[in-house]
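Report on the following structure.
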Amino acid sequence: PLDLKAIKNRIRDEDITTTVQFYRDVMHVFMNALMYNGEDTEVYQMTMEMLPDAQACIEQLLQTEAAVNQPKDGSGSSTPADTAGAARGEEEPKHEEQEGEDSDASVPTKRKRRVASERASKHLRE
């Protein structure tokens with residue numbers, strides 16, 4: 001299980017060293033909340049309310065980082081939008097798979113996560 005305290009500890013222990021890794025873990029917490037709580041529960045409703053704000057805050061951080069890290073001659077290969085898109089999973093971020101990530105997850109668990117993610121996306125579009 002992953003929660004905000006575990007994310008804090010992972011940052012402290014330098015297991016999370018990038019904003020993209022932080023984004024991934026925060027989204028994991030949200031997806032777990034959606035996957036393990038029914039749509040009619042308070043936890044599910046609060047998650048749906050908080051999710052867009054959390055995404056917006058982290059994407060703003062990604063854009064700021066990209067702008068700060070942009071070469072002064074403007075020849076950078078990625079844009080802030082590219083960085084934010086990669087963090088949302090639009091492009092696969094290149095990172096080594098860590099022990100305990102989805103590599104061990106059973107097919108039903110992966111399916112549950114996909115369904116929860118699709119449900120969240122649907123609600124965000126409404």
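The values are calculated or read from the model by the stated rules, or taken from the named source; none is laboratory data. In this text the structure is predicted, and so the values were computed from the model without any measurement. Note that we place each Cβ from the backbone using ideal geometry, even for glycine, and neighbour counts take in every protein chain shown. Side chains are part of the model used for accessible areas, which takes the heavy atoms of the whole protein and leaves out ligands, DNA and RNA. Shrake-Rupley method; radii C 1.70, N 1.55, O 1.52, S 1.80 Å.
Contact map, region 51-63: first residue under 13 Å from Met31 (Cα atoms), second residue open to solvent by 40 Å² or more (accessible area, probe 1.4 Å), Cβ cut-off under 9 Å, separation 6 or more or different chains; pairs are Leu51/His123; Leu51/Leu124; Pro52/Leu124; Gln55/Arg88; Gln55/Leu124.
Within region 19-46, residues that are within 19 Å of Lys5 (Cβ to Cβ) sit with their Cβ atoms under 6 Å from residues that are open to solvent by 30 Å² or more (accessible area, probe 1.4 Å) and outside any helix (DSSP H, G or I), at 6+ positions apart or across chains, in these pairs: His28/Leu2; Val29/Leu2; Val43/Asn37.
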